[in-house]
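Report on the structure given below.
The values are calculated or read from the model by the stated rules, or taken from the named source; none is laboratory data. Given the structure is predicted, the values throughout are model-derived calculations rather than measurements. No Cβ is skipped: glycine too gets one built from the backbone with ideal geometry, and neighbour counts run over all protein chains shown. Each accessible area value is taken on the protein alone, full model and side chains, heavy atoms only, with ligands, DNA and RNA left out. Shrake-Rupley method; radii C 1.70, N 1.55, O 1.52, S 1.80 Å.
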Amino acid sequence: MAYALEDEFGDIIGKARRGQDLSHSQIATAAGITGTELSRMEQYTLKPTETQVLRLAEVLNLDGTKLLDIATEAWAPEPPQQISTSPLEVITISAPVGGWPVNAYLLICQATHAAAIVDTAAHPDLILEQLAARPVKPTAILLTHAHSDHTDGLPKIQTATGCETYIHTDEPKPRSETRLREVAHGDTLTVGELTVTVVNTPGHTPGGCSFIAENVAFVGDAIFAGSVGGPNISLQDEIDSVRDNLLSLPDGVRLFPGHGPSTTVGEEKAHNPFF
Ligand SMILES: [Fe+2]
């Protein structure tokens with residue numbers, strides 16, 4: 001069985017290296033391996049020893065025990081359990097964009113059947129099909145960030161649903177059919193009877209944000225199960241904002257990322273080597 005995480009050992013050490021502006025040779029020398037060996041480890045053509053994993057973790061400011069669990073495929077997050085008394089339902093819509101699976105979600109208020117579309121990905125037809133297949137009324141489009149693999153379907157979904165679209169004020173704006181509604185940290189909006197709170201999670205993009213409702217959070221590419229999104233803007237901002245605004249939530253809160261499986265605050269505190 002393929003390991004289920006979005007990022008494995010090679011991706012994690014590559015992101016940690018790039019995010020700290022360290023060269024291959026700096027890391028390799030400090031970890032006692034050659035630059036070629038490091039490149040091969042990042043590309044999964046060389047399996048590191050336990051000692052090498054722990055030395056690399058130390059050099060890259062990662063948690064060694066957690067990194068070792070991922071390197072040896074000893075951990076994957078527990079899948080969610082549907083609780084029938086929950087006031088909300090989350091539908092995951094995953095489809096490949098450019099060869100890689102991207103997640104969009106429906107957040108449904110059980111009391112009113114209002115639904116928010118979280119990220120429109122590049123497969124709008126699939127999202128519209130999922131909406132049509134259930135008795136829900138789409139009321140909002142929430143964008144965690146503007147990258148095209150998460151927003152290319154936006155105009156078609158706006159036209160089909162007539163929903164307002166919410167995106168963080170600091171985020172570059174994607175192509176849109178309607179005027180975007182800008183939100184900032186601490187803002188709230190409603191989906192039926194659900195209150196959704198916006199929190200800052202920049203670092204992957206300048207205005208990346210997450211949307212929290214009850215015991216779930218939609219986190220875009222800020223954090224993945226066992227890893228973080230590519231730190232295009234700032235790894236430190238990514239780590240600080242995720243720690244302060246997501247990992248400070250109760251352990252049972254389920255995190256739904258833009259790529260890979262969902263996880264929980266508790267699982268990430270215990271297993272994510274960046275924290
Ligand atoms: Fe992204």
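Sub-8 Å Cβ pairs linking a first residue in region 211-228 that is in the same structural domain as Ala104 (by TED's automatic domain parsing) to a second residue that is away from the ligand (no atom under 16 Å from the Cβ) and among the basic types (Lys, Arg), at least 6 apart or interchain, are Asn215/Arg254; Val216/Arg254; Ala217/Arg254; Gly226/Lys66, ordered by first then second residue.
If we keep just the residues of region 263-275 that are out of contact with any Gly (no Cβ under 7 Å at 6 or more places or on another chain) and open to solvent by 20 Å² or more (accessible area, probe 1.4 Å), which is farthest from His150 (Cα to Cα)? Out of the qualifying residues, it is Ala270. Just to be sure before I move on: is Val219 closer than 21 Å to Ala121 by Cα, out of contact with any Leu (no Cβ under 7 Å at 6 or more places or on another chain), open to solvent by less than 30 Å² (accessible area, probe 1.4 Å) and assigned to a strand (DSSP E or B) in the structure I sent? The answer is no for Val219. Residues considered: Ile108, Ile157, Ile141. Of these, the only one that is farther than 30 Å from Lys15 by Cα and in contact with a Cys (Cβ under 8 Å, 6 or more places away or on another chain) is Ile157.
Residues in region 192-217 that are of a type in the set (A, V, I, L, M, F, W, C) and either in contact with a Ser or Thr (Cβ under 6 Å, 6 or more places away or on another chain) or within 13 Å of the ligand (Cβ to nearest atom) (or both): Val199, Cys209, Ile212, Ala217. Within region 243-266, the set of residues being away from the ligand (no atom under 16 Å from the Cβ), small (Gly, Ala, Ser) and in a loop (DSSP other than H, G, I, E, B) comprises Ser248, Gly252, Ser262. In this structure, does Val196 turn out to be assigned by TED's automatic domain parsing to the domain that holds Asp170, hydrophobic (A, V, I, L, M, F, W, C), in contact with an Asp or Glu (Cβ under 6 Å, 6 or more places away or on another chain) and open to solvent by less than 20 Å² (accessible area, probe 1.4 Å)? No. Number of residues in region 224-242 that are in contact with a strand residue (DSSP E or B) (Cβ under 8 Å, 6 or more places away or on another chain) and within 12 Å of the ligand (Cβ to nearest atom): the value is 3. With respect to (1) surrounded by fewer than 23 Cβ atoms within 10 Å (Cβ to Cβ); (2) free of Cβ contacts under 8 Å to residues at least 60 places away in the same chain; (3) within 15 Å of the chain's Cα centre (by Cα), the lone exception for Pro101 is condition (2). In the set (1) out of contact with any helix residue (DSSP H, G or I) (no Cβ under 6 Å at 6 or more places or on another chain); (2) free of Cβ contacts under 8 Å to residues at least 60 places away in the same chain, Ala4 fails one condition alone, (2).
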